[in-house]
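Any read-out appearing in this document is the output of simple, stated calculations on the displayed coordinates, not a laboratory observation. Predicted, not measured: the structure shown is a model, and the values here were computed from it. Backbone-built Cβ (ideal geometry, glycine too); neighbour counts: all protein chains shown.
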Amino acid sequence: MTECTTFVYTVFVKNITFSAEDDLIQQARLVARGQSTTLNLAFRQWLADYTASSGDAQGYDALMRRLQRVRADQSFSRDEMNER
């Protein structure tokens, strides 16, 4: 007698509702189909990209704070720029 164990992982998702013009939804479905995906999966990817981009803005702000002492108004001669 052989025992078999199966693990089932459940991912909970939240349904949300958006409104858009019918022709826009149809066009989006066609684009998604052309990319071999669904509109739902395309939206999930967009949402992941959208939330990830907010971290980029925070990183940019942190970098600017670290570089606030750097002077950008200084001019260099051609020789100075080519020094190694």
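Counting only residues that are part of a loop (DSSP other than H, G, I, E, B) and of a type in the set (D, E, K, R), which one in segment 60-84 is surrounded by the fewest Cβ atoms within 10 Å (Cβ to Cβ)?
Here is the first cut: in segment 60-84, the ones part of a loop (DSSP other than H, G, I, E, B) are 67-77, 83-84.
This time we only want the ones that are of a type in the set (D, E, K, R), so: 69, 71, 73, 83-84.
Details: R69: 5, R71: 5, D73: 4, E83: 7, R84: 2.
Of everything passing the filter in segment 60-84, R84 is surrounded by the fewest Cβ atoms within 10 Å (Cβ to Cβ).
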Practice problem: Could you give me the residue pairs with C-beta distances under 7 Å whose first residue belongs to segment 11-34 and is at negative phi and surrounded by 11 or more Cβ atoms within 10 Å (Cβ to Cβ), whose second residue is in a loop (DSSP other than H, G, I, E, B) and not charged (D, E, K, R) wherever it lies, and which are 6+ apart or on separate chains? | Solution: A32/T38
